[in-house]
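All remarks here apply to the structure that follows.
The values are calculated or read from the model by the stated rules, or taken from the named source; none is laboratory data. No experiment lies behind these values; they were computed from the predicted model shown. Cβ placement follows ideal geometry from the backbone for every residue including glycine, while neighbour counts extend to all protein chains displayed. What goes into the accessible areas is simple: the full protein's heavy atoms, side chains included, and nothing from ligands, DNA or RNA. Shrake-Rupley method; radii C 1.70, N 1.55, O 1.52, S 1.80 Å.
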Amino acid sequence: MKNWYVLYVKSRHEFVAHNELIKKDVETFLPAVKRLRQWKDRKKWVDFPLFPGYLFININPSPESFVSVLKTRGAINLLSTEPGHPTP
C-alpha cells in the first residue's frame with residue numbers, strides 16, 4: 001500500500017525534482033501558482049511552488065523506494081518525526 005510523503009528539496013529545485021521523479025514513474029504532487037513577473041522589457045506569467053522547498057510523493061514504504069527517491073537530483077531528505085523513519 002502506497003503512502004504520501006513530503007520530500008524536502010534544494011532551494012529552487014522543486015520543478016527539477018518533480019520532473020526527475022516523473023521520469024522514474026513516481027507519483028508526485030507539486031501545487032503551483034502563477035504570478036505575473038515584470039522585467040524592464042516585458043511581463044510574463046511564471047509558475048511558483050505553493051510550498052517552496054517541498055514536494056509530495058506517493059510511494060511504497062520500503063527502503064528501496066526511499067533510496068530511489070533520495071537519489072533524485074535536487075532531493076535532500078524525507079520529512080520525519082523519528083530520524084531514519086519517514087512519516088507518511
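So which residues in the range 1-15 are closer than 13 Å to Val69 by Cα and open to solvent by less than 80 Å² (accessible area, probe 1.4 Å), if there are any at all? Show your work before the answer.
Keep residues of the range 1-15 that are closer than 13 Å to Val69 by Cα, which gives 4-9.
Matches in the range 1-15: Tyr5, Val6, Leu7, Val9.
Any chance you could count how many residues in the range 28-49 are open to solvent by 90 Å² or more (accessible area, probe 1.4 Å) and either within 21 Å of Asn3 (Cα to Cα) or touching a Pro at 6+ places or on another chain (Cβ under 8 Å) (or both)?
The initial filter retains those residues of the range 28-49 that are open to solvent by 90 Å² or more (accessible area, probe 1.4 Å), namely 29, 34-35, 37-45.
This time we only want the ones that are either within 21 Å of Asn3 (Cα to Cα) or touching a Pro at 6+ places or on another chain (Cβ under 8 Å) (or both), so: 29.
Total meeting the criteria: 1.
Table: residues versus (1) polar (S, T, N, Q); (2) assigned to a strand (DSSP E or B); (3) touching a residue at least 60 places away in the same chain (Cβ under 8 Å).
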| site | (1), (2), (3) |
| --- | --- |
| Tyr5 | no, yes, yes |
| His18 | no, no, no |
| Asp25 | no, no, no |
| Leu36 | no, yes, no |
| Lys44 | no, yes, no |
| Phe51 | no, no, no |
| Val69 | no, no, yes |
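Within the range 57-86, can you find the residues that are of a type in the set (Ser, Thr, Tyr) and exposed (fewer than 13 other Cβ atoms within 10 Å of the Cβ)?
Listed by number, the residues that qualify are Ser62, Thr81.
Which numbered condition in (1) open to solvent by less than 20 Å² (accessible area, probe 1.4 Å); (2) within 30 Å of Leu36 (Cβ to Cβ); (3) touching a Ser or Thr at 6+ places or on another chain (Cβ under 8 Å) is the only one that Pro52 fails?
Of (1) open to solvent by less than 20 Å² (accessible area, probe 1.4 Å); (2) within 30 Å of Leu36 (Cβ to Cβ); (3) touching a Ser or Thr at 6+ places or on another chain (Cβ under 8 Å), only one is false for Pro52: (1).
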